[in-house]
1. Looking at (1) crowded, with 16+ Cβ neighbours inside 10 Å; (2) in a helix (DSSP H, G or I), which one does residue 91 not meet, given that it meets all the others?
2. Let me confirm something: among 68, 91, which residue is closer than 29 Å to residue 157 by Cβ and at pLDDT 95 or above?
3. Only one of (1) under 18 Å from the mean Cα position of the chain (by Cα); (2) surrounded by 15 or more Cβ atoms within 10 Å (Cβ to Cβ); (3) not in a strand (DSSP E or B) fails for residue 170. Which number is that?
4. Of the residues in segment 136-177, how many are touching a strand residue (DSSP E or B) at 6+ places or on another chain (Cβ under 9 Å) and either farther than 19 Å from residue 85 by Cα or not assigned by TED's automatic domain parsing to the domain that holds residue 94 (or both)?
5. Given 66, 54, which one is without any contact (Cβ under 8 Å) to a residue 60 or more places away in the chain, outside any strand (DSSP E or B) and under 22 Å from residue 139 (Cα atoms)?
6. Criterion first (surrounded by 11 or more Cβ atoms within 10 Å (Cβ to Cβ), assigned to a helix (DSSP H, G or I) and within 12 Å of the chain's Cα centre (by Cα)) does residue 83 satisfy it?
7. Checking residue 75 against (1) touching a helix residue (DSSP H, G or I) at 6+ places or on another chain (Cβ under 7 Å); (2) modelled with pLDDT of 95 or more; (3) part of a loop (DSSP other than H, G, I, E, B): exactly one of these is not met. Which one?
8. Give the residues of segment 99-133 that are under 19 Å from the mean Cα position of the chain (by Cα) and touching a residue at least 40 places away in the same chain (Cβ under 8 Å), sorted by residue number.
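The values are calculated or read from the model by the stated rules, or taken from the named source; none is laboratory data. Since the structure is predicted, the reported quantities are computational estimates derived from the model, not experimental observations. A quick note on method: Cβ atoms are made from the backbone with ideal geometry, for glycine too, and the neighbour counts reach across all protein chains shown.
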């Protein structure tokens, strides 16, 4: 008998409750949607994800792990569940890699990414159709691959000190190109039906 695959996801103690949800609803919903079994080791802050049956595709384990990671990073479960979509990804930008460990630098950079009253973050979310969460040392993004990567680029540009207007113009160019490719794909698909 072959051992079942397992994925271990580290979750900060203060986020374990969010992964489980009231009366275990969030955990049950993730398990039902992905065909997995989740075991919570709250003592070590780890969630173990296994297939509930032998025929569960490995991608489902990875989807469940991504949803748990997204909730652990600070997303509300409703937004993290978007990762069930076939083309949805979780992208994480480590701010310490960009600006170092200085608390003052991190605070300043997070302020630039969030913007006054949350405007910069909201603008990037609306332009790219993604969800963005700014955590203590990271920025997490949920969306389709191309748009999530565009949002990641915008976040990195802001962290490097580029002006907001420059970042938005760059994002508009990227998104124009993405939309052009998407319409070309649809045209080709329709043409050859």
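1. (2)
2. Details: 68 fails: closer than 29 Å to residue 157 by Cβ.
None of the other options fit; the residue is 91.
3. (1)
4. 7
5. 66
6. Details: surrounded by 11 or more Cβ atoms within 10 Å (Cβ to Cβ): yes; assigned to a helix (DSSP H, G or I): yes; within 12 Å of the chain's Cα centre (by Cα): yes.
Yes: the conditions hold for residue 83.
7. (1)
8. First pass over segment 99-133, keeping only residues under 19 Å from the mean Cα position of the chain (by Cα): 110, 113-114, 118, 120-133.
Within segment 99-133, 113, 120, 123, 124, 127, 128, 131, 133 meet the criteria.
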